[in-house]
């Protein structure tokens, strides 16, 4: 990295907004995924103009640029795979406008997802997309990855809640797309940029829709003695046209780990549970809860509990939300996948996942958004053993391939990033890639923005890249 | 004529004579604002469509993909129009998985037929668009025209989950998939919504479907003035009642609607008082929810001093709904020269609506106004002649409409107007800041600009 | 670099670090990350630095020490962590290593030595220092210093406001006494009085005893108790903490108590973790486990026991700031809120971001004054917006910080401990 670039960045942003020492840079080589890549410089812009100038400088020195929010992503989307400048948006975290009358908020990309809700809940509104990292993840990252969450089953993912964006292109040009009230004449550019994983432009301002809180909510816990019964329940809930606000499934083995951890009174001998939430008008909620309960019982639910109050509801959700951590207690590390399958194929998918686990000798937990077929198998492994890490990756590839075989997709909400780009040919043809590449090049012609993401780098399908060992830990401990 | 004949012959050479039509009378059926194509091709598969596209690329010909041709007057007429690619031959359901509530359907499938198939499994696609009885699924999607159910189900972008299409290089491509949640790759299919066929030839579309509601209901409230109607709508929004549609009709629009209704149901038309502002609500849900919403609306109407209000049964609501759904269609022909605008303004406030009506008044034009789904304003200016003075008046009034929309942080498009007016005003409204980005997108899909050149925003 | 085996007591093992899957869910819960948005000042970043330093991949440099020093040890990250990382353990271990292996500047070393090793462990020295300070506060010297602007000149103006007011009489005199239960005895408890609290929170301690006895508790205040060692442990001065722990374990042993209580959440969380100070094979470990198991925060204990004393109506709008070491360190969230709501007439409003540290954090407001004051400013902005007349909290350190905040930011709000509010609502004032 040329010293003059550092000098120019320092004078542009002030040295407190530029990191260049190795001891600082190593803290930006990871995110929430198992990937690693170290930037050469880290900068903290405060304004859109800062971002534009940084990007222009990067172009002048011909170094790549990558955007990052809180670094909670699960596919390496915010890692500087080609080195270069990492633009951290965490200090661009102001809510610029709250228009409660029109249910809109205009925010900078570094605003934390949950902080939007906190700022508007007094008016009975909230921001609907709720990734489980919503306490930390930024809206900029949500836009890049088109983030989802448990309650997106009924309310849609990030793209359904974004009406306008301000963007900085790799040449520094500032562009606004969409409009505050949506329905802009012309192409749905917001629809293109949301979920483009930071490979087309850097997002510097976002206008989001706010949603009105439902009048009533009911949370049900259904306990099953057979996984298939739980899967079939999900299928029938879907088929009967009941759209719960959330429909989450946890397998029995995982549930034991959770119960050991939080003592919420979950059964220790079940095969699976469903956590189902219905929302809406009081009358609708009553009717839907009754219908859901009926479906559960038809499919031999051993027990259906309905949370009596917020306290019980919180306890049930606490189990779901702490599930990953609970599993973390069973092994030193875990690898979370994000495949999607048609909802009716749940039973066979779960069977196959368990077989793939057996084949590689892993325990695989299943905690996932059953309602929309978004699986999150969690492979438990010990990173001290490099063979285990390789096998975890291999098992994940087999599971994702199977999802595609069932008519599904590689990722439902985590993004492709640098984690699954080599698997993309499972879904897309050369012609598909050509067109995607042309759209990419129309915005990012030199691949200077977030290089090495989404598109496969190697030819041929499913080639496994040899990753750097994901974890290094103190030798003495 | 020879060039056309020659074109037809060469197209016949690719797909066979039975797939190509070049008879004068039929070509006129495919005219867009008076422009007639050189030939009509009826591909029977995505491969055949791709072959025609590749031919067009080599020959530098312009293609307009068509469905039922009910909304070809949207946008500008194409700058060039050599081949009309009639997609109605692709009309199969590729997959319908009722258990998954997902659907994969060919571009030319008529919405009506699709609805019949889906309803057998108790499902539907919430694309309630004008010219419903003839529209094809891809036509409805590419036109970007509003569905009357958008308040409850969103716009097509919200339930389109994937697409297959032929790009401007003649390659069959796809994006998205057949699952309801998916972030694998760029969401290129979303760009197709409302693109007027300028990016690609859509061959297949994947949707999530929805379950037909148990019950439906409607409610009608009349107000002696706009302020009353507005405060009633505000009250509804504030209490967050889930409505499928909420429409506010100006007195003139009430009269036009009543006239349209009279053709099929004279008795119900009598319920509409053309001296009042009417607010029609449609809602659906379980047997318990529908009467609850009706009750709440009745209460809100009386609290906001409605002159009159009544609960509609499902049949009346459906009837009114189907007439209202077709407003775009019948408003186009409501006078010899009609200019129909679609306007989006924040919180359609009474002041903004009044200002629009004022524009018409100042030009001594008859006008009617409809706020759809509590968000989209349909505003029509009606001139009674087709002469130059009528055009001139409309042109001035159109400038006023575009100005008001811009001043209110919103935007307007001219959905329909006499061709002569379209050539004088920019139907897409003032130049937008993101035009450059749209041009980039267009170029990446269709580098040689063979798809409906000139029909779209900024001459795309 | 020395080996970590020099650090006495339990040492974190591989799994303790590996449990952090760097998901980042802790980031926005961390007060210092919220201030500066630097990964190095986030829990995830600090753990990564500990790993890299432990591996020898990064030097134990000024940068590392700076990031670890800036940690409030509020443990809000533990609450946020879905993987159950015991961050408190890790950071104390890192601090112990720094203490062993890093040469701080001379003055800092001198001050740390005085406070952690020569002052806090000795009640008599605390009393002596307190008398000096009381003289400063009462003799007119304080007014003089404030009026002349000399404090501003020395850069101490804000810091001086954070100083506790020394009590007119000290609680030391109550050590060794037993206070009988009012009415039927429902429990026999021991009271841990703290160290500095003896000279600055005498009234709080007295109120604690009153509310306990009024609710049927016999309260014993063992005489041979010392500072809990929290400040030393947090600072990495581990041997001092261990010495204090040994003394306290002995002082409270064999009393047949239903529980040992404290009104200081900061002390409580260390007292509940005395077993962490000793490795499993050390002789003290077993006794430490017994001690820690019996330890309760006074609010936690009262909420479980249930209030029986009648409380008079108190018309007051109050809000509650969670004490980090109660909420995050001890996972006690509902108990203090439950007790507040039990007072008739109280209008309770939640304080937004009440789970974020106010900046007190033991001696943090003295060692990292600027950060502490930045945190305090945000806290007081939210507190003011609640329009509560009184801010309630559950730890002496927080009380001091919030009182200074109310003064600096002129919010006009009163700041009290949960116990003090309960005590003032007691129908019949009992004199202990």
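The values are calculated or read from the model by the stated rules, or taken from the named source; none is laboratory data. Remember, it's a predicted structure, so these values are computed and weren't measured experimentally. Counting neighbours? That spans all protein chains shown, and the Cβs are built from the backbone with ideal geometry, glycine included.
Working only within the stretch A:170-188, note down all residues that are touching a helix residue (DSSP H, G or I) at 6+ places or on another chain (Cβ under 6 Å) and within 10 Å of chain B (Cβ to nearest Cβ). A:174, A:175, A:177, A:178, A:181, A:185, A:186, A:187, A:188 - these are the residues of the stretch A:170-188 that are touching a helix residue (DSSP H, G or I) at 6+ places or on another chain (Cβ under 6 Å) and within 10 Å of chain B (Cβ to nearest Cβ).
Would you call residue C:244 surrounded by 22 or more Cβ atoms within 10 Å (Cβ to Cβ) and more than 19 Å from residue C:120 (Cβ to Cβ)?
When the stated conditions are applied, residue C:244 does not pass them.
Take the stretch A:221-240 and flag every residue that is in contact with a helix residue (DSSP H, G or I) (Cβ under 6 Å, 6 or more places away or on another chain) and away from chain B (no Cβ under 14 Å).
A:221, A:222, A:224, A:227, A:228, listed by residue number.
Table: residues versus (1) touching a helix residue (DSSP H, G or I) at 6+ places or on another chain (Cβ under 9 Å); (2) on the phi > 0 side of the Ramachandran plot; (3) surrounded by fewer than 20 Cβ atoms within 10 Å (Cβ to Cβ).
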{"site": "B:82", "(1), (2), (3)": "yes, no, no"}
{"site": "B:87", "(1), (2), (3)": "yes, no, no"}
{"site": "B:95", "(1), (2), (3)": "no, no, yes"}
{"site": "B:107", "(1), (2), (3)": "yes, no, no"}
{"site": "B:132", "(1), (2), (3)": "yes, no, no"}
{"site": "B:139", "(1), (2), (3)": "yes, no, no"}
{"site": "B:158", "(1), (2), (3)": "yes, no, yes"}
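Of the strands (runs of 3 or more DSSP E) lying entirely inside the stretch B:348-446, those containing at least 3 residues that are within 18 Å of residue B:33 (Cβ to Cβ) are B:411-416.
Of the helices (runs of 4 or more DSSP H) entirely within the stretch B:210-323, those holding at least 2 residues that are in contact (Cβ under 8 Å) with a residue 60 or more places away in the chain and outside the structural domain of residue B:358 (by TED's automatic domain parsing) occupy B:226-239, B:251-262, B:289-303. The residue of the stretch B:140-167 that is nearest to residue B:128 (Cα to Cα), among those that are within 9 Å of another protein chain (Cβ to nearest Cβ) and in a loop (DSSP other than H, G, I, E, B), is B:146. Listed conditions (1) modelled with pLDDT of 80 or more; (2) assigned to a helix (DSSP H, G or I) are all met by residue C:133, apart from (1). Among the residues making up the stretch B:406-460, those that are on the phi > 0 side of the Ramachandran plot and not assigned by TED's automatic domain parsing to the domain that holds residue B:351 are B:429, B:449, B:452, B:454, B:458, B:459.
Could you pull out the residue among C:183, C:194 that is in contact (Cβ under 8 Å) with a residue 24 or more places away in the chain and surrounded by fewer than 23 Cβ atoms within 10 Å (Cβ to Cβ)? Steps first, answer last, please.
Numbers: C:194 fails: surrounded by fewer than 23 Cβ atoms within 10 Å (Cβ to Cβ).
Among C:183, C:194, only C:183 is in contact (Cβ under 8 Å) with a residue 24 or more places away in the chain and surrounded by fewer than 23 Cβ atoms within 10 Å (Cβ to Cβ).
Considering only residues that are touching a helix residue (DSSP H, G or I) at 6+ places or on another chain (Cβ under 6 Å) and either more than 7 Å from chain B (Cβ to nearest Cβ) or surrounded by fewer than 23 Cβ atoms within 10 Å (Cβ to Cβ) (or both), which ones fall in the stretch A:144-155? Please lay out each step first, then the result.
Here is the first cut: in the stretch A:144-155, the residues touching a helix residue (DSSP H, G or I) at 6+ places or on another chain (Cβ under 6 Å) are A:146-147, A:153.
Correct list: A:147, A:153.
As for the stretch A:95-108, it holds at least one residue that is modelled with pLDDT of 95 or more and within 13 Å of chain C (Cβ to nearest Cβ). The single condition among (1) under 18 Å from residue B:80 (Cβ atoms); (2) modelled with pLDDT of 95 or more; (3) surrounded by fewer than 21 Cβ atoms within 10 Å (Cβ to Cβ) that residue B:45 does not satisfy is (1). For the stretch A:8-56, a residue qualifies if it is away from chain C (no Cβ under 14 Å), in contact with a helix residue (DSSP H, G or I) (Cβ under 8 Å, 6 or more places away or on another chain) and surrounded by fewer than 20 Cβ atoms within 10 Å (Cβ to Cβ), and the qualifying residues are A:8, A:12, A:40, A:53. Taking strands (runs of 3 or more DSSP E) as the structural unit, those lying wholly within the stretch C:277-361 and holding at least 1 residues that are in contact with a strand residue (DSSP E or B) (Cβ under 6 Å, 6 or more places away or on another chain) and crowded, with 22+ Cβ neighbours inside 10 Å correspond to C:295-297, C:316-320.
Before we move on, is residue A:8 part of a helix (DSSP H, G or I) and either touching a strand residue (DSSP E or B) at 6+ places or on another chain (Cβ under 9 Å) or touching a residue at least 40 places away in the same chain (Cβ under 8 Å) (or both)? Give the steps one after another, and end with the answer.
Numbers: part of a helix (DSSP H, G or I): yes; either touching a strand residue (DSSP E or B) at 6+ places or on another chain (Cβ under 9 Å) or touching a residue at least 40 places away in the same chain (Cβ under 8 Å) (or both): yes.
When the stated conditions are applied, residue A:8 passes them.
With the structure loaded, tell me whether residue A:442 is touching a strand residue (DSSP E or B) at 6+ places or on another chain (Cβ under 7 Å) and either assigned to a loop (DSSP other than H, G, I, E, B) or at the interface with another protein chain (Cβ under 9 Å from one of its Cβ atoms) (or both) or whether it fails that test. It is false that residue A:442 is touching a strand residue (DSSP E or B) at 6+ places or on another chain (Cβ under 7 Å) and either assigned to a loop (DSSP other than H, G, I, E, B) or at the interface with another protein chain (Cβ under 9 Å from one of its Cβ atoms) (or both).
Yes/no per residue for (1) within 11 Å of another protein chain (Cβ to nearest Cβ); (2) touching a residue at least 40 places away in the same chain (Cβ under 8 Å); (3) under 22 Å from residue A:330 (Cα atoms):
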site	(1), (2), (3)
A:262	yes, yes, yes
A:271	no, yes, yes
A:276	no, yes, no
A:279	yes, yes, no
A:288	yes, yes, no
A:293	no, yes, no
A:299	no, yes, no
A:302	no, yes, no
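Of the strands (runs of 3 or more DSSP E) contained entirely in the stretch B:21-106, those carrying at least 2 residues that are in contact (Cβ under 8 Å) with a residue 60 or more places away in the chain fall at B:63-66, B:83-86, B:93-97, B:102-106. Within the span defined as the stretch A:361-369, every residue fails to be modelled with pLDDT of 95 or more, away from chain C (no Cβ under 12 Å) and surrounded by 24 or more Cβ atoms within 10 Å (Cβ to Cβ).
Looking only at residues of the stretch B:240-259 that are modelled with pLDDT under 95 and closer than 15 Å to residue B:151 by Cα, we find that the one that is nearest to the chain's Cα centre (by Cα) is B:242.
Please specify each residue of the stretch B:176-187 satisfying the condition of being touching a strand residue (DSSP E or B) at 6+ places or on another chain (Cβ under 7 Å), within 7 Å of chain A (Cβ to nearest Cβ) and without any contact (Cβ under 8 Å) to a residue 40 or more places away in the chain. Let's see the steps before the verdict.
Initially, the stretch B:176-187 is screened for residues touching a strand residue (DSSP E or B) at 6+ places or on another chain (Cβ under 7 Å), giving B:176-182, B:184-187.
Remaining after also requiring within 7 Å of chain A (Cβ to nearest Cβ): B:177-182, B:184-187.
Within the stretch B:176-187, B:177, B:181, B:182, B:184, B:185, B:186, B:187 qualify.
Check whether at least one residue in the stretch A:383-398 is within 15 Å of the chain's Cα centre (by Cα), modelled with pLDDT of 95 or more and not assigned by TED's automatic domain parsing to the domain that holds residue A:253, and report yes or no. Lay out the reasoning, then the answer.
Of all residues in the stretch A:383-398, those within 15 Å of the chain's Cα centre (by Cα) come to none.
There is no residue in the stretch A:383-398 that is within 15 Å of the chain's Cα centre (by Cα), modelled with pLDDT of 95 or more and not assigned by TED's automatic domain parsing to the domain that holds residue A:253.
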